[in-house]
1. On the basis of being touching a helix residue (DSSP H, G or I) at 6+ places or on another chain (Cβ under 7 Å) and either more than 10 Å from chain B (Cβ to nearest Cβ) or loosely packed, with under 14 Cβ neighbours inside 10 Å (or both), does residue A:54 make the cut?
2. Name the residues in region B:1-24 that are away from DNA strand C (no atom under 12 Å from the Cβ) and touching a helix residue (DSSP H, G or I) at 6+ places or on another chain (Cβ under 8 Å), would you?
3. Looking at B:85, B:94, B:130, which one is facing chain A (nearest Cβ under 10 Å), surrounded by fewer than 16 Cβ atoms within 10 Å (Cβ to Cβ) and more than 23 Å from residue A:74 (Cβ to Cβ)?
4. Just to check your reading of the model, which residue among B:73, B:78 is surrounded by 14 or more Cβ atoms within 10 Å (Cβ to Cβ), within 16 Å of DNA strand D (Cβ to nearest atom) and under 17 Å from the mean Cα position of the chain (by Cα)?
5. Only one residue in B:105, B:68 is within 14 Å of another protein chain (Cβ to nearest Cβ), closer than 30 Å to residue A:119 by Cβ and more than 14 Å from DNA strand C (Cβ to nearest atom). Which one?
6. Condition test on residue B:124, is it modelled with pLDDT of 95 or more, at the interface with chain A (Cβ under 7 Å from one of its Cβ atoms) and not in a strand (DSSP E or B)?
7. Those residues that are surrounded by 10 or more Cβ atoms within 10 Å (Cβ to Cβ) and within 11 Å of DNA strand D (Cβ to nearest atom), I need them from region B:11-42; list them, please.
DNA sequence: TCTGCAAATGCAACAATGTTGCAAAAGAAT
DNA sequence: ATTCTTTTGCAACATTGTTGCATTTGCAGA
């Protein structure tokens, strides 16, 4: 799947900002922050354009957002494996690497009477394979 | 447990802001935001004072922070039931009520080779008992 | 109860992150 | 190539959180 195809598939205009962002997402195994994208992106874009591109790609469901506490916001491609209602992410507290974790196990947590669950976000914090002590 | 006792127990000065905040936390079954505290608190305090009080109470481990995406930050009392390494919270997407969920089940997720887990935060989104459809 | 010191507060300024309105530019269909 | 719609860049603004510093407060010891 190419950036161009992804955009066409979702009937989005093929602009250099969107295409560049998607190419980086496709090439990365980890989630990326706004700053990481900006550093790696050849063209220079306004912050507003970045935010609006994120919103467009989020709305289309091409990428999803991962918020770690208040510190950091990252984005990653939505893959078929990414479950609709159960997201698991890993955050390395040393290097801030953020990854989507694939899990086949359905996690069930008992909610109080009258509460209804739509989705579940799981954030695991720890150290990644490069930062292990 | 009273607000006064909590502060003394942690060797923190008993200021009216801290004591007022803790009284609200002790009286509430749900997590509270900065604004909710401010509205309910009798005295009027500077925003800086609020933030610094949060930091003090967080550092002491008396309260803990719950961040829902980027939208909202809430705080709740840390109870003995609140596990050190596994936190489960519920967020109602309609009324924004946020609750700590007690769970006895230890959740295990397989991480990639070389990854090490320190803690796990689980955020369940849905509708609460007042907002069920 | 008074005194002195360390800690907490309020204020101002600042930083980071995200949003909105609007004119100019670019994409895509004809 | 022309036209129309969408996207972009800019400026301004909003929200959230932090920092430095002078003033005030809490509290321990006399």
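1. Values: touching a helix residue (DSSP H, G or I) at 6+ places or on another chain (Cβ under 7 Å): no; either more than 10 Å from chain B (Cβ to nearest Cβ) or loosely packed, with under 14 Cβ neighbours inside 10 Å (or both): yes.
No; evaluated as a whole, the condition is false for this residue.
2. B:1, B:2, B:3, B:4, B:6, B:23, B:24, listed by residue number.
3. B:130
4. So the residue among B:73, B:78 that is surrounded by 14 or more Cβ atoms within 10 Å (Cβ to Cβ), within 16 Å of DNA strand D (Cβ to nearest atom) and under 17 Å from the mean Cα position of the chain (by Cα) is B:73.
5. Among B:105, B:68, only B:105 is within 14 Å of another protein chain (Cβ to nearest Cβ), closer than 30 Å to residue A:119 by Cβ and more than 14 Å from DNA strand C (Cβ to nearest atom).
6. Values: modelled with pLDDT of 95 or more: yes; at the interface with chain A (Cβ under 7 Å from one of its Cβ atoms): yes; not in a strand (DSSP E or B): no.
Considered against the rule, which asks whether it is modelled with pLDDT of 95 or more, at the interface with chain A (Cβ under 7 Å from one of its Cβ atoms) and not in a strand (DSSP E or B), residue B:124 comes out as no.
7. B:12, B:14, B:15, B:16, B:17, B:18, B:19, B:33, B:34, B:35, B:38
Listed here are the residues, each with its yes/no results for (1) over 18 Å from residue B:123 (Cβ atoms); (2) out of contact with any strand residue (DSSP E or B) (no Cβ under 9 Å at 6 or more places or on another chain).
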| residue | (1), (2) |
| --- | --- |
| A:82 | no, no |
| A:88 | no, no |
| A:92 | yes, no |
| A:96 | yes, no |
| A:101 | no, no |
| A:106 | no, no |
| A:110 | no, yes |
| A:115 | no, no |
| A:120 | no, no |
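The values are calculated or read from the model by the stated rules, or taken from the named source; none is laboratory data. Note that the coordinates shown come from a computational prediction; the quantities given were computed from them, not determined experimentally. Positions of Cβ are backbone-derived with ideal geometry, glycine not excepted, and every protein chain shown enters the neighbour counts.
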